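The structure appears below as structure tokens.
The values are calculated or read from the model by the stated rules, or taken from the named source; none is laboratory data. Predicted model, so just to flag it, every value in this text is computed and none were measured. FYI the Cβ positions are ideal-geometry reconstructions off the backbone, even for glycines, and counts take in every protein chain you see.
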Amino acid sequence: NYGIVLDAGSSHTALYIYAWPAEKDNNTGRVEQTHSCKVKGKGISSYASQPWKAGESLTLCMQEAEQKVPNKRHHETPLYLGATAGMRLLNMENSSASDKVFQAVEKALQKFPFSYQGARILSGQEEGAFGWVTVNYLDDLCSCCVLTSMRFLSPSQGLETTGALDLGGASTQISFVSDNYDGSESPSNSVTFRLYGNDYNLYTHSFLCYGKDQVLRLALAQQTQVNFHPCFHPGYTEIKNYSVLYDSPCVSGRKPQGAPENFTLRGNGSFGQCQEIVKSVFNFTSCKYSQCSFNGVFQPLLQGPFGAFSAYYFVMNFLNLTDTSIPLDTVKDKLARYCATPWDEIKLHTGVKLSYLAEYCFSGTYILTLLTEGYNFTSESYSNIKFIKKVSRSYATLFLLHTPQMPHDLSSFPVDH
């Protein structure tokens, strides 16, 4: 049997094909990813003004899927599309445009001979919970689990779980189990599981507009009237368009009156000053609960190890800062030296787009600020974080767990380390 998932993120879409044995003993089978395809272009939410292009963008990867899945399996192969924060933002800003994008996507996908199961926006809570499950797959902590409608059953007992830290372009999620959280305080942050024979209350929260791309917009929006921006390297210069910068519900209300068409962004590369700007996009003062992370959102005390993935990994890996056994002050010093490196020297780095190179100082600063100031990781608990690369492939498989053809014994899941 086969299954196809399109993971539609804010910056890009990826297609995954999974396979598992048609003949199973005791309803178990090995689930394997057999193919992946990165859709060319940006995320589907970027086609709001030309929705038909959202559907067209998927064609090449879908044609690949047609070739990879045997013809005799086409009509019984479930096909899903799950969208995350990019489409959540578009739906918030313009629900009609969001609907038209999904209509175009549906029209395009239904042209292919698979069993189309629908396209929808994942809630932030779903995204956070699915990320937590995936991180625990990768840690082998979820062996012998059975997943049924977001509940777990297992004969194993009492294994420590790993928290999940997910950073995308438009949102960020934190999910973990805490002995200090029973779901009674801020119940909207609670997802209940039956795991390893015990009941667990998973704390999870998704911060829309706090993905790295949207926070960069927030940081730039506060600095358009000044001569230099500390989150960019000395010597960096770029002309930015006001309309493009503020074309997001995360920052649209901050556009200055009478703004010119463009402004010039110049870098001066100061980690300390950059961190102050990043801190200003958080609200650390408002909290009606016993304790909060930021923006008045309840968060229990951090507990146990954490896996940080998606943009967390890719940014920190580029910066060579994934080793969390290094003291936090040393990490900050290394990042400060990187940010202070002249742009003429930075842009000599080969194999990376200049637009990405320009943003690593900001992204690294944001990640450290989010983890330490936002989520309250300390110099001691920072070492509990592990930056991990291979998450999205298993993440997408969770959609398939709701199909009747899918083997539901996750102990047979192949685990990448």
*In the range 315-351, which residues are part of a helix (DSSP H, G or I), surrounded by 16 or more Cβ atoms within 10 Å (Cβ to Cβ) and hydroxyl-bearing (Ser, Thr, Tyr)?*
338
*Read through the list (1) among the hydrophobic types (A, V, I, L, M, F, W, C); (2) assigned to a strand (DSSP E or B); (3) surrounded by fewer than 16 Cβ atoms within 10 Å (Cβ to Cβ), then give the number of the only condition that residue 17 fails.*
(3)
*The listed residue being of a type in the set (Ser, Thr, Tyr) and either over 21 Å from the mean Cα position of the chain (by Cα) or surrounded by fewer than 20 Cβ atoms within 10 Å (Cβ to Cβ) (or both), out of 237, 204*: 237
*asked:* Where the second residue is among the polar types (S, T, N, Q) and part of a helix (DSSP H, G or I) and the first is in the same structural domain as residue 46 (by TED's automatic domain parsing) and more than 17 Å from residue 10 (Cα to Cα) and lies in the range 95-108, which pairs have Cβ atoms under 8 Å and are six or more apart or on separate chains?
replied: 108/59
*Sort through 86, 82 and tell me the only one that's modelled with pLDDT of 85 or more, surrounded by 21 or more Cβ atoms within 10 Å (Cβ to Cβ) and touching an Asp or Glu at 6+ places or on another chain (Cβ under 8 Å).*
82
_For the range 240-293: of the residues being of a type in the set (D, E, K, R) and under 23 Å from the mean Cα position of the chain (by Cα), which is modelled with the highest pLDDT?_
279
*Here are some residues: 161, 192. Which one is over 17 Å from the mean Cα position of the chain (by Cα), of a type in the set (Val, Ile, Thr) and at pLDDT below 85?*
192
*For the range 164-189, how many residues are assigned to a helix (DSSP H, G or I) and either over 15 Å from residue 294 (Cβ atoms) or within 16 Å of the chain's Cα centre (by Cα) (or both)?*
2
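If you take the residues in the range 51-64 that are in a helix (DSSP H, G or I) and polar (S, T, N, Q), which one is farthest from residue 9 (Cα to Cα)? Lay out the reasoning, then the answer.
Residues of the range 51-64 in a helix (DSSP H, G or I): 51-56, 59-64.
From what's left, polar (S, T, N, Q): 59, 63.
Numbers: 59: 17, 63: 20 Å.
Ranking the qualifying residues of the range 51-64, first place goes to 63.
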*Could you list, in sequence order, all residues of the range 65-116 that are assigned to a strand (DSSP E or B) and either of a type in the set (A, V, I, L, M, F, W, C) or over 27 Å from residue 167 (Cα atoms) (or both)?*
78, 79, 81, 83, 115, 116
